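Coordinate-derived values only; no laboratory data. In this text the structure is predicted, and so the values were computed from the model without any measurement. Here the Cβ is made from the backbone with ideal geometry for all residues, glycine too, and neighbour counts use every protein chain on show.
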Amino acid sequence: MENKKILLNNINKVHTTKMGIDRIKKNLKLGTNEVVEYCKNKVLDKNCNIYKQGKNWYCEIDNIIITINSYSYTIITAHTKR
């Protein structure tokens, strides 16, 4: 649980690239350009299951998995669970 606090305490550092925005919008079929805010809100949800594996955080909620680099806080991708 302590690991989870590290991500939550640094939520303001979470960001993504232009390519990341396009990839996440496509994968999640989002109709908004506010992809980072969408992902942050999912991560902050009390029902979000957050765990660290290797160099990435994985945030699972609502059948979605969001992958965030644990060093740069860059959202790498987000996709629906299969």
Looking at the chain, what % of its DSSP beta bridges pair antiparallel, to the nearest 5?
95
Which residue fluctuates the most in the chain, going by a Gaussian network model with Cα springs under 10 Å, if the choices are Thr32, Thr16, Thr67?
Thr32
At 222 nm, what helix-only mean residue ellipticity would the chain give, in deg cm²/dmol to the nearest 500, using -39500 (n - 2.57) for each DSSP H run of four or more?
-10500 deg cm²/dmol
Given the chain, report the % of alpha carbon pairs whose separation exceeds 14 Å.
57
Report, in debye and to the nearest 20, how large the dipole of the chain comes out about its Cα centre when Lys and Arg carry +1 and Asp and Glu carry -1 on their Cβ.
180
In whole Hz, with x marking every Gly and Pro, tabulate ³J(HN,Hα) for segment 65-82 from phi via Karplus 6.51 cos²θ - 1.76 cosθ + 1.60, θ = phi - 60°.
10, 10, 10, 10, 5, 6, 9, 9, 6, 8, 6, 7, 7, 8, 8, 7, 5, 9
Arrange Tyr73, Tyr51 by Cβ neighbour counts within 10 Å, fewest through most, would you?
Tyr51, Tyr73
For Ile11, Ile64, which order do you get if you count the other beta carbons within 10 Å of each Cβ and list the fewest first?
Ile11, Ile64
